[in-house]
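Everything on this sheet refers to the single structure shown next.
The values are calculated or read from the model by the stated rules, or taken from the named source; none is laboratory data. Note that the coordinates shown come from a computational prediction; the quantities given were computed from them, not determined experimentally. A quick note on method: Cβ atoms are made from the backbone with ideal geometry, for glycine too, and the neighbour counts reach across all protein chains shown.
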């Protein structure tokens, strides 16, 4: 078993040179990131999107990711140890603390600590409040359980990110008045206090997500922001969740930028570039061309989640892959990458700066390939975890499959040089 776990950890991505730490971003080169939560975490959507952002934005850094979400679970890990909840919620403080430790410690060691994480995202609360009017007894259990999780992770040198769940998207013009959401809001306040008291990072998904839900439901009471059921969002909702989390963690918005200036339609220069290298700039017959090699790839957006881009400024906040050209003469220009047409933009739009992050042709295609591999790797990881819990024979072969997928991800997330061209649109 020990050899198996070492093999899994060896899947951490290899790099050719060290990564310069991004100022302020919560994840660091060398981090091993685990996700602990309920069925929303087990969906492997927001977690995969956070992973995809990190791996594409920092292709020279080492990261390993592990998902230990379990449907129906709570902060006291009830689906992994099955405590008597009636007794647990009614117990006095010392007795309750002992029950929580008995319920949490074993599964936490097996499912999380065995993988030696340096960062653990904890996302509980949806099942904890029992889908009913706020109950003080359950709230106390929740707060004490979350506190114990943070303390236990800190003892094992892991930084904790405490996530509130997103709200329940019940039908009606104002889901915030649903008694279940009223309870979740109070649980979120309790979690914030735990984070402040224990030095953990606190991320409130509830309020930002609810603001979007309320806005959309005020226009259409039957709207579905998340795209799934009222508790389990689909890819669009999980994209919003990942964006909220990443922004709170100070994830940088800029992928890279290039600024060009054209003076008389036949000459120009590279004014500046950031997080990329530009060369072979020229203007020939009105067509502007240059080579561009970026430090990283744009964050891939799941094709099933494009509606999320209409609901929140995900691209502006996290995914700015910019091209700015001033002094253009013609009204509109076709933008091509490696001779593939990727966009058409006006002179004014290019002068302001055009974000190509989700429409960069071969570059976007490469990022999507990374995302697909991460999904495949995470499903393989789930199978391995379940095989380990149930002592199934897949334990013997799946670590190598995981290692092969990690190597593919590592190779695929490395940026490549590309040739850009801007050609006037012929009227």
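What helices (runs of 4 or more DSSP H), lying completely within segment 169-280, carry at least 3 residues that are surrounded by fewer than 20 Cβ atoms within 10 Å (Cβ to Cβ) and in contact with a strand residue (DSSP E or B) (Cβ under 9 Å, 6 or more places away or on another chain)? Talk me through it step by step, then tell me what you get.
Details: elements: 179-198, 206-219, 235-248.
In segment 169-280, 179-198 are the helices (runs of 4 or more DSSP H) which contain 3 or more residues that are surrounded by fewer than 20 Cβ atoms within 10 Å (Cβ to Cβ) and in contact with a strand residue (DSSP E or B) (Cβ under 9 Å, 6 or more places away or on another chain).
Part of a helix (DSSP H, G or I) and in contact with a strand residue (DSSP E or B) (Cβ under 6 Å, 6 or more places away or on another chain) - does that describe any residue in segment 83-95? Can you show your working first?
Taking segment 83-95 first, the residues part of a helix (DSSP H, G or I) are 85-90, 93-95.
Keeping just the survivors that are in contact with a strand residue (DSSP E or B) (Cβ under 6 Å, 6 or more places away or on another chain) gives none.
Checked segment 83-95: no residue is part of a helix (DSSP H, G or I) and in contact with a strand residue (DSSP E or B) (Cβ under 6 Å, 6 or more places away or on another chain).
Which of the residues that make up segment 343-359 are touching a strand residue (DSSP E or B) at 6+ places or on another chain (Cβ under 6 Å), at negative phi and touching a residue at least 24 places away in the same chain (Cβ under 8 Å)?
344, 350, 351, 354, 355, 356, 357, listed by residue number.
Residue check: is residue 148 assigned by TED's automatic domain parsing to the domain that holds residue 177 and assigned to a helix (DSSP H, G or I)?
Working: assigned by TED's automatic domain parsing to the domain that holds residue 177: yes; assigned to a helix (DSSP H, G or I): yes.
Against the criterion (assigned by TED's automatic domain parsing to the domain that holds residue 177 and assigned to a helix (DSSP H, G or I)), residue 148 qualifies.
Residues in segment 318-332: is at least one under 16 Å from the mean Cα position of the chain (by Cα), surrounded by fewer than 18 Cβ atoms within 10 Å (Cβ to Cβ), in a helix (DSSP H, G or I) and at negative phi?
Looking through segment 318-332, none of the residues is under 16 Å from the mean Cα position of the chain (by Cα), surrounded by fewer than 18 Cβ atoms within 10 Å (Cβ to Cβ), in a helix (DSSP H, G or I) and at negative phi.
Just to verify a result, which residue in segment 386-405, among those that are closer than 18 Å to residue 107 by Cβ and either in the same structural domain as residue 111 (by TED's automatic domain parsing) or in contact (Cβ under 8 Å) with a residue 12 or more places away in the chain (or both), is surrounded by the most Cβ atoms within 10 Å (Cβ to Cβ)? Reasoning before the result, please.
The initial filter retains those residues of segment 386-405 that are closer than 18 Å to residue 107 by Cβ, namely 386-391.
Next, from what is left, pick out any that are either in the same structural domain as residue 111 (by TED's automatic domain parsing) or in contact (Cβ under 8 Å) with a residue 12 or more places away in the chain (or both): 388-389.
On the way: 388: 19, 389: 13.
My answer is 388.
Within segment 341-374, which residues are assigned to a helix (DSSP H, G or I) and surrounded by fewer than 19 Cβ atoms within 10 Å (Cβ to Cβ)? I'd like the intermediate steps shown before the answer.
From segment 341-374, those assigned to a helix (DSSP H, G or I) are 347-352, 362-374; that's our starting set.
If the condition is that a residue be assigned to a helix (DSSP H, G or I) and surrounded by fewer than 19 Cβ atoms within 10 Å (Cβ to Cβ), then 347, 348, 349, 351, 352, 362, 365, 368, 369, 372 are the ones that fit.
Residues in segment 110-125: is at least one in contact with a helix residue (DSSP H, G or I) (Cβ under 6 Å, 6 or more places away or on another chain) and part of a loop (DSSP other than H, G, I, E, B)?
Checked segment 110-125: at least one residue is in contact with a helix residue (DSSP H, G or I) (Cβ under 6 Å, 6 or more places away or on another chain) and part of a loop (DSSP other than H, G, I, E, B).
Condition test on residue 166, is it assigned by TED's automatic domain parsing to the domain that holds residue 121, surrounded by fewer than 21 Cβ atoms within 10 Å (Cβ to Cβ), within 25 Å of the chain's Cα centre (by Cα) and assigned to a loop (DSSP other than H, G, I, E, B)?
Numbers: assigned by TED's automatic domain parsing to the domain that holds residue 121: yes; surrounded by fewer than 21 Cβ atoms within 10 Å (Cβ to Cβ): no; within 25 Å of the chain's Cα centre (by Cα): yes; assigned to a loop (DSSP other than H, G, I, E, B): yes.
The answer is no for residue 166.
If residue 359 passes every condition in (1) within 26 Å of the chain's Cα centre (by Cα); (2) not assigned by TED's automatic domain parsing to the domain that holds residue 322 but one, which one does it miss?
Going through the list (1) within 26 Å of the chain's Cα centre (by Cα); (2) not assigned by TED's automatic domain parsing to the domain that holds residue 322, residue 359 breaks only (2).
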